[in-house]
Structure formats: C-alpha cells, structure tokens
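Reviewing the structure listed below.
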Amino acid sequence: MVTIPKQSDPTLEAMYAENEKVPRETRSYLGASLIGNPCARQIWYQYNGYEQEPFNAQTLMNFEDGHRTENLTAARLRLIPGIKLVTHILEDRYYEGGIQGNFQIKKQLGFSAMNGKFRGHYDGIISGLLQAPKTKHIWECKASGDKKFNEFVKCKEKYGEKETLKNWNENYYVQGQLYMHYEGIERHYLTVAGAGGRKYDSCRTNYRGEVAEKYIDRARKIIEAVSPPPKIREEKDYYICRWCNFKGICHGK
C-alpha cells in the first residue's frame with residue numbers, strides 16, 4: 001500500500017503563526033501565580049522584566065481555553081439554588097480631560113501587597129456549597145488536559161480531598177493559601193475541568209497560615225534581591241530548566 005504523504009493546511013498554519021504574534025501580557029509586579037515555582041531565579045527574571053522565550057500557538061490556545069472554561073463553569077455553578085458566586089466587583093471611574101460624568105468597570109477580585117509589588121487575582125468567592133453551605137470559599141477553576149485531570153482524580157483517591165491540591169500541584173496550592181490569607185477566608189474550593197468543560201472534579205483545601213507566611217517572605221526576598229538567586233540546578237537539561245522560558249539567559253548567552 002502506498003503511504004499517503006501528510007498534507008498540510010496553509011490556512012491553519014497561517015492561523016497558528018498569527019496567534020503567536022499576539023503580544024504577551026507584561027506585569028510590573030510579582031504575581032501570586034508565580035511564587036510557588038520551585039526556581040526562585042526564574043521568578044526573579046520574570047519580575048525584573050527579562051525577555052522570555054515566546055509561547056507557541058498551542059500554549060496560547062490552551063490559555064484561551066482556560067479563560068473560556070472558567071466563565072462557563074461560573075455560569076453553570078450559578079444555576080444551583082443557594083449558590084452565590086462573586087467573580088468581579090463594580091468600581092467607579094471618572095472621565096478625565098474636562099468631560100463630565102462617571103462610569104463603572106468590572107474589576108477582578110484580588111489582593112495587592114508590598115506597595116503593589118506583590119499581587120494576586122483569584123476567580124471568585126463562593127458560598128452555598130452543598131457540602132458546606134455556611135462557609136465562604138475562595139473559588140478557583142483550572143482547565144486541564146486528560147493526563148492532568150486523571151492525575152487529579154488519582155491524587156484525590158490517594159490523599160483525600162483536603163490534601164489533593166497540595167499533592168496535585170504545589171504552585172496552585174501556594175496560590176490558594178495566599179488568596180485565603182489576604183482575603184481572610186479559611187477555605188478554598190477548586191473546580192478542575194477537562195478541556196472545554198466537558199467533565200469536572202473538585203477539592204476543598206484548608207487555610208494554613210504558616211504556608212502563606214513562608215511564601216510571603218519568599219516573595220519579599222525575591223522583590224528586594226538586586227541580583228538573581230542561584231540556579232536551581234547547573235545542568236541545563238534538568239527537567240525544570242528544560243521547560244523554562246528563561247533558559248537561554250540562565251544557561252546560555
């Protein structure tokens with residue numbers, strides 16, 4: 001049998017190429033989503049605005065799918081009688097330049113510390129969960145592929161609900177602890193969605209002040225550092241280094 005050569009679609013190839021040109025978001029602060037990263041040097045590079053290697057189109061599309069799935073999940077949760085989910089607050093703004101009047105914008109929930117140099121934004125605050133109807137929770141939604149989703153399910157079976165997040169993803173666990181700390185809420189509710197929101201699982205996590213304080217101290221040290229922290233490993237093919245967007249700066253030129 002003659003093997004049919006793989007046929008490319010120039011239109012789709014052009015779509016991928018154009019998606020890769022979309023400018024990356026730049027931040028003037030250290031985000032809570034970074035501080036649980038095992039490599040302090042990588043966090044320092046990003047906080048100080050060093051140039052990163054660009055994301056490919058597939059990664060950018062995964063990010064977009066995550067944002068859409070978060071909004072879809074919020075809408076689905078709000079269908080449950082008794083659920084109250086707040087994802088944004090309305091903030092008054094005023095026109096400038098002599099134009100009269102004011103308007104409101106939707107502002108994402110979050111915290112700001114260390115004179116605005118350390119910040120975090122979370123997906124919402126939820127109350128009325130059927131398993132804990134009187135308790136407020138920080139709500140976060142993560143969209144993942146089948147492999148990560150199945151790992152979450154296995155972690156929940158092995159460690160129990162309250163220890164799932166810590167064992168599934170340390171970075172997400174640290175995020176949750178910081179959000180609870182700054183918001184003054186002692187419970188965290190994570191919904192994990194399969195790609196496109198086609199399946200779900202969840203876990204609740206308790207607040208642990210010592211964990212939050214540990215990473216607040218870490219953030220302060222990174223922000224105040226005038227030179228990059230030591231490398232996590234000298235080997236450039238170490239798995240954390242291999243996938244780092246700063247590997248060229250750290251291990252190369």
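The values are calculated or read from the model by the stated rules, or taken from the named source; none is laboratory data. Since this is a predicted model, take the numbers as computed values, not measurements. Counting neighbours? That spans all protein chains shown, and the Cβs are built from the backbone with ideal geometry, glycine included. These accessible areas exclude ligands, DNA and RNA; they are computed on the full protein's heavy atoms, side chains included. Shrake-Rupley method; radii C 1.70, N 1.55, O 1.52, S 1.80 Å.
Okay, here's what the table says:
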item: Loop sites in segment 32-72: GluC sites (Glu not before Pro), DSSP, at most 15 other Cβ within 10 Å; result: GLU51
item: Low-density loop positions, GluC sites (Glu not before Pro), segment 195-252 - DSSP coil, at most 14 other Cβ in 10 Å; result: GLU234, GLU235
item: Filtered trypsin sites (Lys or Arg not before Pro), segment 174-226: DSSP coil and at most 14 other beta carbons within 10 Å; result: ARG198, LYS199
item: Pairs from LYS134/LYS162; LYS107/LYS214; LYS156/LYS236; LYS84/LYS107 whose Cα-Cα separation, in the structure shown, is over 22 Å; result: LYS107/LYS214; LYS156/LYS236
item: Heavy-atom SASA rank of ASP146, ASP217, ASP201 (probe 1.4 Å, accessible area, largest first); result: ASP146, ASP217, ASP201
item: Rel. contact order, % - alpha carbon contacts under 8 angstrom, at least six apart, the chain; result: 22 percent
item: Relative contact order computed over segment 107-194 (Cα-Cα under 8 Å; 6+ residues apart), in percent; result: 32 percent
item: For segment 213-235 and segment 137-187, distance of Cα centres in Å; result: 24 Å
item: The chain, accessible surface, carbon-and-sulfur percent (1.4 angstrom probe); result: 51 percent
item: Exposed-site-free run, longest, the chain (rule: chymotrypsin sites (Phe, Trp or Tyr not before Pro); DSSP loop; at most 11 other C-beta within 10 Å); result: 96-242
item: Cα-based shape type of the chain, given that a ≥ b ≥ c are square roots of the gyration tensor eigenvalues and the cut on a/c is 1.5; result: rounded
item: Probe 1.4 Å, accessible area per residue of segment 116-253, Å²; result: 53 Å²
item: Net charge over other residues, Cβ less than 10 angstrom from the Cβ of SER28 (K, R count +1; D, E count -1); result: +3
item: Proximal lysines to LYS158, defined as alpha-carbon separation beneath 24 angstrom and excluding residues fewer than eight positions away on the same chain; result: LYS142, LYS147, LYS148, LYS166, LYS199
